[in-house]
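I have placed the structure first, in the form of structure tokens, so that the comments after it can refer back to it.
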Amino acid sequence: MFELGKKQPLLIVKELDFGVYLGETLNAAIEDRVLLPKKQVPQGSGLGDSVEVFLYKDSKDRIIATTNTPLLSVGEVGKLRVSQVTKIGAFLDWGLEKDVLLPYKEQTAKVQEGDEVLVVIYVDKSSRLAATMKVYRYLQCGSDYQKEDIVRGMVYELRQDMGAFVAVDDRFSALIPVRELYGEIKVGDVVSARVSAVKEDGKLDLSLREKAYLQIGKDADKLVALMEQHGGALPFTDKADPELIRAETGMSKNEFKRAVGNLLKNQKIVINSDKICLK
């Protein structure tokens with residue numbers, strides 16, 4: 001049986017002016033043969049020779065062989081560039097003459113021409129090769145990373161109830177929980193993060209912030225800069241609603257309190273009933 005989307009060795013069973021037909025055996029039936037175009041036929045090869053080829057479908061939905069190797073095969077996760085956006089989805093350059101389709105329903109965020117997206121190649125219900133940005137179940141667990149290690153990865157999906165899903169090294173499954181999200185994070189961003197936990201199943205929890213005792217000084221400096229931008233004061237205190245604090249500073253309420261405490265200790269601020277002022 002032919003395997004779409006994978007490299008496999010096949011035999012040359014018939015030679016023609018426009019190429020050769022390949023099959024698993026020399027006496028393969030006509031319906032069990034696939035065309036390898038003439039320009040793809042290895043020089044010096046002939047009837048009965050084995051050729052390693054990749055199988056996909058052409059524009060007329062016919063199985064065709066190529067000796068070229070795509071950037072990704074079925075089941076492989078990696079980054080591909082968007083070459084065109086159409087009414088049916090985005091087409092991705094994967095190193096073959098025919099681009100692979102990323103249907104709209106398989107996109108976790110809107111993509112544009114030139115974007116680099118993290119995808120996996122799969123065979124769809126119509127037996128065509130396609131790409132999806134929903135790579136969660138294809139990522140690996142059990143990396144060698146340990147708690148407090150610094151890792152890099154691409155954000156491939158955002159969930160309001162869970163956080164940002166990240167593919168560390170384009171291979172390993174990781175999550176930045178909602179409580180650890182700061183600033184604007186979007187699908188396609190490459191982030192550097194700290195491993196805050198390694199789950200029993202090997203998946204990673206990540207944080208965009210350093211450990212608390214290291215982060216306090218940075219947060220304090222950030223608050224000073226914010227106050228300087230607002231005439232020397234913040235129009236709220238550490239008793240404000242947590243959502244307001246996060247929206248205005250990008251910090252949780254506890255982180256905000258720690259930074260304010262640091263500034264008080266160093267006599268840089270004064271706290272009034274409704275605002276915090278620089279001295």
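Worth a mention:
Conditions (1) assigned to a loop (DSSP other than H, G, I, E, B); (2) among the acidic types (Asp, Glu); (3) farther than 18 Å from LEU102 by Cα, marked per residue:
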site	(1), (2), (3)
TYR145	yes, no, yes
TYR156	no, no, no
PHE165	no, no, yes
TYR182	yes, no, yes
LYS186	yes, no, yes
GLU200	yes, yes, yes
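- Evaluation of LEU71 against (1) more than 23 Å from LYS186 (Cβ to Cβ); (2) loosely packed, with under 14 Cβ neighbours inside 10 Å; (3) modelled with pLDDT of 95 or more (one fails), failing number: (2)
- The set of residues from region 247-279 being under 30 Å from the mean Cα position of the chain (by Cα), closer than 22 Å to GLY231 by Cβ and part of a helix (DSSP H, G or I) comprises ALA247, GLU248, THR249.
- Flag if GLY163 is surrounded by 18 or more Cβ atoms within 10 Å (Cβ to Cβ) and under 20 Å from the mean Cα position of the chain (by Cα): yes
- Extreme residue, farthest from GLY78 (Cα to Cα), among residues of region 167-180 that are outside any helix (DSSP H, G or I) and without any contact (Cβ under 8 Å) to a residue 40 or more places away in the chain: PRO177
- Residue check for SER173: within 24 Å of the chain's Cα centre (by Cα), surrounded by fewer than 17 Cβ atoms within 10 Å (Cβ to Cβ) and among the small types (Gly, Ala, Ser): no
- Residue within region 100-108 that is in contact with a strand residue (DSSP E or B) (Cβ under 6 Å, 6 or more places away or on another chain), polar (S, T, N, Q) and either in contact (Cβ under 8 Å) with a residue 60 or more places away in the chain or under 30 Å from SER173 (Cα atoms) (or both) present: yes
- Residue within region 100-108 that is modelled with pLDDT under 95 and on the phi < 0 side of the Ramachandran plot present: no
- Lone qualifier among SER127, SER83, SER59, SER73 - being over 30 Å from GLN160 (Cβ atoms), under 25 Å from the mean Cα position of the chain (by Cα) and free of Cβ contacts under 8 Å to residues at least 40 places away in the same chain: SER83
- Within this structure, ALA90 fails the test of being in contact (Cβ under 8 Å) with a residue 60 or more places away in the chain, of a type in the set (Gly, Ala, Ser) and surrounded by 13 or more Cβ atoms within 10 Å (Cβ to Cβ).
The values are calculated or read from the model by the stated rules, or taken from the named source; none is laboratory data. These figures come from a predicted structure and were not determined experimentally. Quick reminder, even Gly has a Cβ in these numbers, built from the backbone with ideal geometry, and neighbours come from all protein chains shown.
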